[in-house]
Every structure is written in C-alpha cells, then in structure tokens.
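One structure is given below, encoded as structure tokens.
The values are calculated or read from the model by the stated rules, or taken from the named source; none is laboratory data. Remember, it's a predicted structure, so these values are computed and weren't measured experimentally. Cβ: placed from backbone, ideal geometry, glycine included. Neighbour counts: every protein chain shown.
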Amino acid sequence: MEAFELMKSIRWSDTNGEPVCPCCGSVKKPFFLKTRMQFRCRECFHTFSVTSGTVFAGHKLSLQTYLLAIALFTNAAKSISALQLSRDLDVQYKTAWVLTHKIRESLMEYNLQDKFEGTVEMDGVYVNGYIRPANNIDDRVDRRKVFKPNKRVIISVRQRATLSDEAIGAIKTKTFVLKSENATDIRTIAYNHIKAGTAIHADESNAYDDLHAHYTMRRVNHQIEYRGDNGENNNQSESYNARFRRMQYGQLHKVGNLYLSNYANEIAYREDTRRWSNGAIFRDILTKALHAPVSNEFCGYWQGNKRVSERLGA
C-alpha cells in the first residue's frame with residue numbers, strides 16, 4: 001500500500017495525489033476498486049490505475065518491484081545490465097531488459113528544450129568500431145583498411161556551470177549519435193542547440209572548424225596537451241566519454257547501434273545528476289516514468305513491437 005500511495009502522490013502531484021481521469025480529465029473523486037487497486041471515473045466510468053498511460057501501463061509485476069528496479073537503477077553509477085537486474089529482482093532476463101529500456105526511454109527528453117549558452121564543450125567518443133579477426137592468421141587482413149559499417153560516434157554537448165549555479169563542472173548535457181565526426185553534422189548540432197556567440201571548447205578535429213564563424217572557439221590539441229595555456233579544454237566532455245566507456249566495458253559489455261541513443265542519453269542524465277542524492281535521483285526518475293506516455297517501442301516488445309531503425313543525426 002505504501003508503494004501505491006507513493007506512486008499515486010507522484011503521478012498526480014498537481015492535484016495533491018488526487019486521481020485525474022486520463023480519459024475525460026475529470027477531477028471528481030473517482031470510485032476506488034480496492035480489490036483491484038484501480039479507480040473508476042464518476043463522469044465517464046472509465047477504469048484506470050496509477051500506472052495507466054505511463055511506461056508501466058499493463059504491468060505484470062508488483063508496484064514494489066518497479067520501485068526496487070528504479071532504486072537499483074539509481075544506485076548504479078555506471079548503469080546496470082539486464083542480467084544483473086534480473087538476478088536482483090528475481091525475474092526473467094527478458095523482463096529486466098524491457099524494464100531497463102522503459103526507464104531509459106522515460107529519461108530521453110528531460111529539461112533540454114533551451115539552447116546551450118555560456119561556456120560549452122563538445123567532443124565525440126567512437127563505439128562499435130572493433131572487427132573480430134579471422135581465426136586463421138592467413139585469413140586476417142589489415143583492419144586499419146577495413147570498412148567498419150557498425151562504427152558510430154556519440155557527440156556530447158555539455159554546458160559548464162557558472163558561479164550562480166552553485167555547482168561544479170557541467171550542468172547540462174545532450175548527446176547525438178552520428179556515423180562520423182564530420183563538419184556538416186557538427187555544424188547542424190551547434191546551430192540548432194547552441195546560442196550564437198557562445199564560447200565552445202573543442203579538440204583539434206577539423207569537424208569543428210566551421211564553428212569559428214559564429215562562435216568563440218577555444219581549441220586544444222590533444223596530441224600535445226590536455227589543457228591549453230589559456231585554459232582551453234573539453235574535460236567535461238571527456239568525463240562523459242569515460243563514464244560511457246565504464247558502462248560499455250564494465251556493465252553492458254556490448255552496446256548495439258539500434259538503442260545506442262538511449263544508452264548515450266542515460267549516461268548524460270547520470271552525469272548531470274552526479275551530485276544529487278540517491279533519494280533525489282530516485283524520485284526524479286520515478287516522476288519521469290510516471291509522466292512519460294506508454295512506450296511505443298517496448299510495450300509488447302517480445303510480441304514483435306520493436307524499433308526498426310537506429311536514431312541518427314543532429
């Protein structure tokens with residue numbers, strides 16, 4: 001009952017926990033079906049629950065299990081694998097896999113509508129570029145010359161904190177999955193998401209050369225140094241890259257391109273909330289999950305409702 005009351009208070013926080021009919025929007029106190037833990041609207045007689053219309057709609061597990069899953073997800077600073085979660089929750093791997101992705105999906109669009117400003121950093125981290133060599137040494141080729149169709153790069157855009165933010169490091173992060181770190185996509189990302197005139201710190205890659213026309217560019221040559229003489233660095237973006245690598249190698253071991261954007265955004269969220277308490281992160285994730293719509297990619301996933309293509313571009 002405590003789990004039910006907690007989710008109820010967060011789901012309908014605007015009405016102090018009083019249920020609102022998702023069908024007609026009525027705020028009249030609905031009938032409560034105690035044996036089913038559901039509500040029935042007095043206006044349209046629509047039956048709904050605390051999870052109706054959310055990523056947990058049509059759930060089979062108990063509410064306590066979902067809260068425990070979010071708590072475990074929160075506590076995993078470098079993410080958590082579906083295999084680990086299935087052991088912790090004592091559920092099937094397939095159940096844990098879909099559950100973690102529903103949580104990741106609820107984090108996809110958080111507080112990133114405003115353009116970046118102030119001091120911004122940009123950098124890319126490449127993934128899935130490894131090609132397994134042939135078993136026989138005579139069949140192996142120089143892999144430096146082999147086309148790598150699955151290779152992708154995650155571009156992170158991070159806004160540094162200011163003195164008024166009462167924070168250290170970066171405070172806002174957005175990620176983009178591209179096939180390569182190229183000038184065309186980098187220019188599109190900057191023009192769409194960063195205010196003109198903003199100071200941008202980036203490395204020596206020529207993909208950022210076109211930005212000099214509209215932004216105050218601060219470049220650092222990583223072949224020589226990590227930080228320039230005048231403070232030029234993109235260490236906050238490098239911090240994002242490091243956390244993503246720890247998730248990739250230490251937790252998930254393999255990250256496919258199909259859902260790479262979800263994994264990239266998860267690490268962006270973890271970076272931005274790294275100084276929050278576990279309780280604050282738990283409540284924030286639960287709030288997002290209860291206000292996110294029914295997943296159109298993971299609801300009925302094992303019945304064939306799957307994403308058909310990866311999310312690429314700026």
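When you look at residue 196, is it assigned by TED's automatic domain parsing to the domain that holds residue 157, in contact with a strand residue (DSSP E or B) (Cβ under 8 Å, 6 or more places away or on another chain) and more than 20 Å from residue 129 (Cα to Cα), yes or no? In short, no.
Only residues that are closer than 17 Å to residue 82 by Cα and either buried (at least 19 other Cβ atoms within 10 Å of the Cβ) or free of Cβ contacts under 8 Å to residues at least 40 places away in the same chain (or both) were counted in segment 231-251, giving 4. For segment 267-314, the set of residues classified as in a helix (DSSP H, G or I) and within 25 Å of residue 182 (Cβ to Cβ) consists of 267, 268, 271, listed by residue number.
Hey, does segment 139-148 have a residue that's closer than 19 Å to residue 310 by Cβ, among the hydrophobic types (A, V, I, L, M, F, W, C) and surrounded by fewer than 17 Cβ atoms within 10 Å (Cβ to Cβ)? I'd like the intermediate steps shown before the answer.
First pass over segment 139-148, keeping only residues closer than 19 Å to residue 310 by Cβ: 147-148.
From the residues that got through so far, the ones that are among the hydrophobic types (A, V, I, L, M, F, W, C) too are 147.
Restricting the remaining residues to those that are surrounded by fewer than 17 Cβ atoms within 10 Å (Cβ to Cβ) gives 147.
Yes, some residue in segment 139-148 is closer than 19 Å to residue 310 by Cβ, among the hydrophobic types (A, V, I, L, M, F, W, C) and surrounded by fewer than 17 Cβ atoms within 10 Å (Cβ to Cβ).
Residues of segment 211-236 that are charged (D, E, K, R) and closer than 18 Å to residue 117 by Cα: 218, 219, 232.
Restricting to segment 181-208, what's the tally of residues that are of a type outside the set (A, V, I, L, M, F, W, C) and part of a helix (DSSP H, G or I)? Break it down into steps so the answer makes sense when it comes.
Restricting attention to segment 181-208, the residues satisfying the condition of being of a type outside the set (A, V, I, L, M, F, W, C) are 181-182, 184-185, 187-188, 191-193, 195, 197-198, 201, 203-206, 208.
Next cut, part of a helix (DSSP H, G or I) only: 184-185, 187-188, 191-193, 206, 208.
The qualifying residues number 9.
Looking only at segment 120-142, decide whether some residue is touching a Phe, Trp or Tyr at 6+ places or on another chain (Cβ under 9 Å), of a type in the set (D, E, K, R) and part of a loop (DSSP other than H, G, I, E, B). No, there is no match, as no residue in segment 120-142 is touching a Phe, Trp or Tyr at 6+ places or on another chain (Cβ under 9 Å), of a type in the set (D, E, K, R) and part of a loop (DSSP other than H, G, I, E, B).
The single condition among (1) over 30 Å from residue 149 (Cβ atoms); (2) touching a residue at least 12 places away in the same chain (Cβ under 8 Å); (3) hydrophobic (A, V, I, L, M, F, W, C) that residue 213 does not satisfy is (2).
For segment 31-72, the set of residues classified as more than 23 Å from residue 286 (Cβ to Cβ) and not acidic (Asp, Glu) consists of 31, 33, 34, 35, 40, 41, 42, 44, 45, 46, 47, listed by residue number. The numbered conditions (1) farther than 17 Å from residue 59 by Cβ; (2) outside the structural domain of residue 127 (by TED's automatic domain parsing); (3) touching a residue at least 60 places away in the same chain (Cβ under 8 Å) are all true for residue 267 except (2).
Contact annotation: no residue pair with Cβ atoms under 6 Å, 6 or more positions apart or on different chains, pairs a residue in segment 13-24 that is in a helix (DSSP H, G or I) with a partner that is of a type in the set (A, V, I, L, M) and buried (at least 17 other Cβ atoms within 10 Å of the Cβ).
The requirement of being over 23 Å from the mean Cα position of the chain (by Cα) and of a type outside the set (A, V, I, L, M, F, W, C) is fulfilled somewhere in segment 61-69, by at least one residue.
Residue-wise test of (1) out of contact with any helix residue (DSSP H, G or I) (no Cβ under 6 Å at 6 or more places or on another chain); (2) touching a residue at least 60 places away in the same chain (Cβ under 8 Å).
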{"position": "76", "(1), (2)": "yes, yes"}
{"position": "81", "(1), (2)": "no, yes"}
{"position": "87", "(1), (2)": "yes, no"}
{"position": "96", "(1), (2)": "no, no"}
{"position": "102", "(1), (2)": "yes, yes"}
{"position": "109", "(1), (2)": "yes, no"}
{"position": "114", "(1), (2)": "yes, no"}
{"position": "119", "(1), (2)": "yes, yes"}
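Each residue in segment 45-60 was checked for being of a type in the set (A, V, I, L, M, F, W, C), surrounded by 13 or more Cβ atoms within 10 Å (Cβ to Cβ) and without any contact (Cβ under 8 Å) to a residue 40 or more places away in the chain, and 1 of them qualify.
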